Amino acid sequence: MGQVVSTLWGPSRQSVNAGAGPHFDVLEVGHGDYVALINADTAFWILSPRGEALDYLLSPELPRAFQDKEAKLAADLNTVRFGLLPSAVYFNPTERCNLNCTYCYLPQEARRSGTDMEPARLLSALARLQDYFVGTLPEAARPQLVFHGSEPLLVKDSVFQGIEQYRDYFRFGVQTNATLLDRTTLDFLKSKGCAIGISLDGPSAEVANRTRRTWAGSGVFNQVSRALVDLADYPGLNVIATVTRENVAALPEMVELLHRQGVANALLNPVRGTQAGGRALMPDQAELAHFFFAALDRAFELYEKTGSRLVIGNFANLLLGLVAPGARRLMCDISPCGGGRCFFAVGANGEVAPCSEFLGLPEFHGGNLFETPVAELVKTGAFTRVTGRVVEELTPCKACAVRHFCGAPCPAEVYAINGTLDAPAPYCDFYAAQARYAFQVIARGRLDAYLWEGWRDGLEEIVVM
Amino acid sequence: MAKEKSTKKPISIRYACAPNGDQVGLSHYLMAEAKKK
């Protein structure tokens, strides 16, 4: 029998955390009463009253309580990082778009005059995807398929036939710029229970039209606003605002507009620097943090005042990363990210990439859906480079207390900016600030106000202290 | 001199997904259910 080593040293009943015990980082969270003590490997944390932090670190109580639950904490985090199967597809049925948004992650030439998928080809693609998922997912599983873009409603015939024929298997969604959402289209999508995501970048035409314009240069704010009114009560609606230096200062007003319109779910996503247009519009991180947090404050005030909640999905996901990391709903702030391991993207020519962000980077195409089985595509080097990217191997992430609340996204923009996947998030400072803000939310007792109703359903509490 | 104890209580909140249940959640933009291996 080998030597037994105790990680908590010292005389019996007086054990202390003397070096080989659990490690906790101390994080200033910007709250008057609390600091965070974080075991980064398991994403475990405790908010300690400032004056007692040293007692927690030096006495055996916290290390012992933590060690009792360490395996369970680690297993839950491990599952969401490495134990999931692909169960969603972002599917571009056309390369074309009727808009020319300056930050798009798809190459301009393809968006102007690229390929459309004819109905028969799209149906053939869905058949191949269904074959793959039937062979990998549990019997009752219904994977998600989001028609994405470019603008998917430019090829309505193909999209509608796909939804009609496969709606008993896939759960469909459509991410659209909303300019082609006429009455017939809305009625069809609603009647089939499709999720509908709308892109809107500002609370006014003056702001929104700075980045989202037609090829001729005219803005589409008024059309999108009309669609928003038509969809106000639709439960499958979400709104995505891409945050750039052009609209960052308007984020609080954006929250007011969405709340006024009855929108329940929105994402305020900082623009990715995967293509040159996006890189040129990336907001300053300090400015982004300032206005993003002001928008979150505004969402809380509106909830307090009206009882009606607007969930900012990307922040809610980070909060979940703190309180229930295995239950996160978005996959960008997990390492490895969800690209290629929880979902993948299919382009209009059948090319398959780990994520839509990689569709414009051919070196990350695993191959073609019409030529190679999906099960083989997701094992190619193009995929495993992304699915193997973990914060433990990145500098400075490997030593960062919030590495599992951030995930060092996004590999596509990291690669485009640095020429390698082995670099931290371009928005590193912002993500760290966001983690600190999330701890403030918890310290102020506001957690539930920022999350979905019933977010604890199906979860099991792990009581450490 | 004895140190005064803070009136603030420590806070720690952590939930896990049920061991045999599906993960709640997932996806880049919308919400779906992830499937465990």
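For this structure, a couple of remarks:
- From its DSSP helices (H runs of at least four residues, each -39,500 (n - 2.57)), chain A gives a residue-normalised ellipticity at 222 nm of -11000 deg cm²/dmol.
- Which of A:Asp25, A:Asp68 has the fewest Cβ neighbours within 10 Å, and the rest in rising order: A:Asp68, A:Asp25
- Cα Rg, Dmax (largest Cα-Cα span) when computed across region A:268-413, Å: 17.5, 56
- In chain A, the longest principal axis of the Cα atoms and the axis of helix A:285-306 are about 90 degrees apart.
- The loop-placed GluC sites (Glu not before Pro) in region A:8-114, going by DSSP, that have at most 11 neighbouring Cβ atoms within 10 Å of their Cβ come out as A:Glu28.
- Just so you know, the Cα atoms of region A:32-113 work out to an Rg and Dmax of 23.5, 67 Å.
- Spin-label pair A:Leu186/A:Leu57, simplified geometry with 7 Å Cα→Cβ offset, distance in nm: 5.7
- Per residue, the convex hull volume that the Cα atoms of the protein assembly as shown enclose (Å³): 158
- Taking every residue in A:46-58 and counting other chain Cβ atoms within 10 Å of its Cβ, the average works out to 3.
- Sorted from greatest to least, the principal axis extents spanned by the alpha carbons of region A:126-246 come out as 49, 30, 26 Å.
- Calculated P(r) of region A:75-143 - Cα pairs past 18 Å, %: 59
- Ratio Rg/Rh, restricted to region A:1-141 and using Cα atoms, in which Rh is the Kirkwood radius: 1.26
- Taking the C-alpha atoms only, the angle from helix A:221-230 to the longest principal axis of chain A is near 80 degrees.
- Of the trypsin sites (Lys or Arg not before Pro) in region A:190-221, those whose Cβ has at most 16 other Cβ within 10 Å and which sit in DSSP loop: A:Lys192
- DSSP beta bridges fully contained in the protein assembly as shown are about 45 percent antiparallel.
- Counting only alpha carbon atoms, the long axis of helix A:61-82 and the longest principal axis of chain A meet at about 20°.
- Legend: distances between Cα atoms for A:Lys72/B:Lys9; A:Lys69/A:Lys398; A:Lys69/B:Lys8; A:Lys190/A:Lys379; pairs beyond 26 Å are A:Lys190/A:Lys379.
- Neighbour counts of C-beta atoms inside 10 Å place A:Met465, A:Met282 in the sequence A:Met465, A:Met282, starting with the fewest.
- Residue by residue along A:86-95, Cβ atoms of other protein chains within 10 Å of the local Cβ number 2 on average.
- Ordering A:Phe66, A:Phe147 by the number of other Cβ atoms within 10 Å of each residue's own Cβ, fewest first, gives A:Phe66, A:Phe147.
- Dipole magnitude of chain A about its Cα centre (Cβ charges: Lys, Arg +1; Asp, Glu -1), debye to nearest 20: 320
- Reported to the nearest whole Å, the Cα centre-to-centre distance from region A:213-273 to region A:64-105 is 23.
- Long-range tail of P(r) for region A:425-465 (Cα pairs > 14 Å, %): 65
- Counted over region A:197-266 with a bin width of 10 Å, the fraction of Cα pairs per bin, in whole percents, is 21, 56, 21, 1.
- The equivalent ellipsoid that matches the C-alpha gyration tensor of region A:239-328 spans semi-axes of 23, 17, 11 angstrom, in descending order.
- A DSSP coil position with no more than 14 other Cβ atoms inside 10 Å describes the following chymotrypsin sites (Phe, Trp or Tyr not before Pro) in region A:349-415: A:Phe370.
- Cα pair distances in region A:327-373, grouped into 10 Å bins until the bin that holds the longest one, percent each: 28, 50, 20, 3
- Number of partner chain Cβ atoms within 10 Å, mean per residue of A:455-461: 4
The numbers here are math on the coordinates, done by the rules we state, and not lab data. Computed from a prediction, not measured in an experiment: that's the story for all the values here. All Cβ positions, glycine included, derive from the backbone under ideal geometry; neighbour counts span all protein chains shown.
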